[in-house]
Amino acid sequence: FQIAILTGGLALGVILFEIPTGIFADLKSRKLSVFIGFITLGSAIVLIPFVHSFLLTLILWFIAGLGVTFISGADEAWRVDNLKYAKRKDLIQESFIKVQVIAGIGFIIGPLVSIIVVQHYPLKWVWILSGLCVLIGGVMVFFNKEIYTPQKKQGYSSTFSLRKSFIVSLKKSSSAFKLFIRKRP
């Protein structure tokens, strides 16, 4: 039951912040968005073994969801923008495939490494090592180039307002949920 609640906390963070962080990436910087995401997610993961309260663990999972939303979509848009700038549109599909392959390899190797770590060290080290890997990813992001120049988007104000975008996100989520309830079979 608690694991389900923690998973729900992560999902809630994603639901609430997906639109505002997407707006942030579009208006400010995709690179900065991805960097913030890696640092937020990695920090939350590293802190999990040091928290001994269910409520604080839930808050960390919620923060991890926030970190995921800063990365989600911004990483892909950043990659596509850089490839288009370099006049290498032909590599866009290949880049998506390579990222998926690397992620798949990580999903296979990660648990195997975790098994080895847990055989010799307490479980908390799996969390710490996982979080440190994410943080290292954030540092690597920091040193990459961003070609994207933010432009004024239709419907967005020129000054980013997290509060306004959060309200828009809640309204859209609420109307979608109401439509789902009305149209249920």
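The values are calculated or read from the model by the stated rules, or taken from the named source; none is laboratory data. What you see is a predicted model, and the numbers here were worked out from it, not measured in a lab. Here Cβ is always computed from backbone atoms with ideal geometry, including for glycine, and neighbour counts include all displayed protein chains. When the accessible area is computed, the model is the full protein with side chains, heavy atoms only, and any ligands, DNA or RNA have been set aside. Shrake-Rupley method; radii C 1.70, N 1.55, O 1.52, S 1.80 Å.
In the range 100-125, the residues that are under 21 Å from V46 (Cβ atoms) and touching a residue at least 12 places away in the same chain (Cβ under 8 Å) form no Cβ pair under 9 Å with any partner that is among the small types (G, A, S) and open to solvent by 100 Å² or more (accessible area, probe 1.4 Å), whether six or more places apart or across chains. Within the range 75-86, is even one residue farther than 20 Å from K28 by Cα and open to solvent by less than 70 Å² (accessible area, probe 1.4 Å)? Yes, some residue in the range 75-86 is farther than 20 Å from K28 by Cα and open to solvent by less than 70 Å² (accessible area, probe 1.4 Å). Within the range 28-57, being of a type in the set (A, V, I, L, M, F, W, C) and open to solvent by less than 40 Å² (accessible area, probe 1.4 Å) holds for V34, L41, A44, I45, V46, I48, V51. Determine whether the range 130-137 contains at least one residue that is touching a helix residue (DSSP H, G or I) at 6+ places or on another chain (Cβ under 9 Å), modelled with pLDDT of 85 or more, open to solvent by 90 Å² or more (accessible area, probe 1.4 Å) and β-branched (V, I, T). Yes, the range 130-137 has at least one match.
For Y148, the conditions (1) open to solvent by 100 Å² or more (accessible area, probe 1.4 Å); (2) of a type in the set (F, W, Y); (3) at pLDDT below 90 all hold with the exception of (1). The residues of the range 58-74 that are at negative phi and surrounded by fewer than 18 Cβ atoms within 10 Å (Cβ to Cβ) amount to a single one, I59.
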